[in-house]
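The structure appears below as structure tokens.
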Amino acid sequence: MERSSGPEIPTWVCVASLLVIVNFCSPAVTAAALKPEPGSELGATVLNHSMSLVQRIESLLAMGNGSDVTLRVHTTTTDEVKVIQAHGLVLTLQSDVFEEMLFTRQNSTLVLRETPECAALFDKFVRYLYCGDISVRLDQAITLHKLASKYHVWALQQGLTQYMTQHLSSDSPSGHVVGWYNYALQIGDVSLRDSCLQYLSWNLSSVLQSEEWPSISEDLLLSLLQRSDLILQSELELYEALETWINQNQPVSATVQRTLRAIRYGMIPPQYLFRLQKQSPMMVKHYESIRDLLYLAFQFHSASPIQLAKYFDVNCSIFTPRNYLSSSWGSPWVINSPTRDDRSFSFQTQLGPSGHDSSKRVTWNALFSPRWLPISSRSTYTEMGGMQPTRTDAGRPRIIVTPATSSPDFAGVSFQKTVIVMAKQQGKVVVRHVFNFHQSTEEAGDFLVDADLQRRASEYLIDSSLYLHILIKPVYHSLLVARK
């Protein structure tokens, strides 16, 4: 499309600007990196002075040599003005937004208006345009991302998105993941939004105890409460954290009731439900809005699940467990030197979340092997009844989880198995991955498929050990159509 306004920048100006840069960088470099040129004549080498060139181009910005553009950065809420002597050729090469501004300018000055946060970091942003590197702190990521997006510096924008995705677990005084989630939602960055939401869901116990928890928005709170993949100690922990959020944010009554109805009361043992009815001011105040759910929860805990399934839809969320880390639902398992040999482990869980089944225990056997063929290619049981894998150096890490015995009590119950893999990121232990598989499957087909456990510095290892937590989620299912 033809541009209709503004003086065209003559070709000789661009050439002259480039000559300024080249001449400024022309002195000989003392340390030259030499390497053979692939496919070139015998004896030919490549002289690599790129780092020195970048340093000299950066010095153009610092010294203002050959500047042909003055950037006047006005702060929107104050009278503060920041003046930067720049070079049109560099700005044009890095940003089509600057290219358009330079094409339509009336003089050598570009007037820019930025928020206080963006104005404060504008020097850092412009420096990136000259040298291609930038130092970033957690509290600067959003501001720099806004500048990169505004001026169409796509490489910087993508790099900042990657930085935020990789630093979700970093420590900050008041937290940053919620802020990054809200920003990703605002700009429509689905990948960053989902990464933030997954981190919050998988590390919810630590989030509930952080300063960031009260700052969670109503929409984000409801999104979390609706998920079954939340990893936390218990549903009671979630209810108590919700009380804290409500007390600090004082939302309207309709919001309080919506959030309270998202709690899975069937997953809270009846003795704690009784206590909440008397001792929780929030529950006392809004009792009428959740009475039906509490009544259903008490019925769930008092009746046989098979009997309950004849009259109620037990596939609804109130009867569906989340990923609870308490001992009733599974056990941690630390595997030292996981590449060395096979390991086995036994643990117990309660048969189901119903109070009717809370005293019944299921024993589970878990077997881990660093190099293991699929089930179809191995003998699974020895004469002694133990699991025996067929080893192969061409295999990959595998884990199987099976019940040690069967029981008539299993009728009407299916078991979802979840293996949580922990890792250390930025000095903090966080959930690295979650693998789910069901009763009909002994193992997770994609378990650690991308992990390189041979490397001591593997991102799946903590101090050369593999930290797992195995969960068994019993889910009741309807045997008959519920009566209306």
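The values are calculated or read from the model by the stated rules, or taken from the named source; none is laboratory data. All of these numbers come straight from a predicted model, not from anything done at the bench. Neighbour counts are summed over all protein chains in view; Cβ atoms, including those assigned to glycine, are modelled from backbone coordinates with ideal geometry. These area figures cover heavy atoms from the full protein model, side chains too; ligands, DNA and RNA do not enter into them. Shrake-Rupley method; radii C 1.70, N 1.55, O 1.52, S 1.80 Å.
Details
- Flagged links, alpha-carbon separation over 24 Å, of 150/424; 310/360; 360/417; 124/424; 285/473; 310/473: 150/424; 124/424; 285/473
- Nearest-0.05 FRET efficiency for residue 120 and residue 99, computed from C-beta distance (R0 25 Å): 0.50
- Of all accessible heavy-atom area on the stretch 51-162, the percent that carbon and sulfur account for (1.4 Å): 52
- Solvent-accessible surface (1.4 angstrom probe) belonging to residue 206, in square angstrom, nearest 10: 60
- Shown here for the stretch 84-170: chymotrypsin sites (Phe, Trp or Tyr not before Pro) in loop regions (DSSP other than H, G, I, E, B) with at most 14 other Cβ atoms within 10 Å, of which there are none.
- Residues 202, 364, sorted by accessible area with the largest first, give 202, 364 [1.4 Å probe; ligands and nucleic acids excluded].
- Surface accessible to a 1.4 Å probe, residue 150 within the full protein complex, Å²: 100
- Residue 69 accessible area, assembled protein chains, probe 1.4 Å, Å²: 0
- Extension gain, residue 404 to residue 131: 0.36 nm times the residue separation minus the Cα-Cα distance gives 92.1 nm.
- Only Cα sites of the stretch 45-122 enter the Debye sum here, all with the same form factor; the resulting log10 I(q)/I(0) across q = 0.11, 0.12, 0.20 1/Å is -0.36, -0.42, -0.96, listed in q order.
- Here the extension length gained between residue 249 and residue 166 equals 26.9 nm, from 0.36 nm per residue of separation less the Cα-Cα distance.
- Partner aspartates and glutamates for residue 82 [C-alpha distance under 15 Å; skip if fewer than 8 residues away on the same chain]: 114, 117, 123
- Contour excess over end-to-end distance, with Cα ends at residue 211 and residue 411 and 0.36 nm allotted per residue: 67.6 nm
- FRET efficiency, residue 58 to residue 304 (Cβ-Cβ, R0 51 Å, nearest 0.05): 0.10
- A cut-off under 13 angstrom between Cβ atoms defines the neighbours of residue 206, and their net charge, with Lys, Arg +1 and Asp, Glu -1, is -3.
- Rounded FRET efficiency, nearest 0.05, which uses the C-beta distance separating residue 65 from residue 261 and R0 of 45 Å: 0.10
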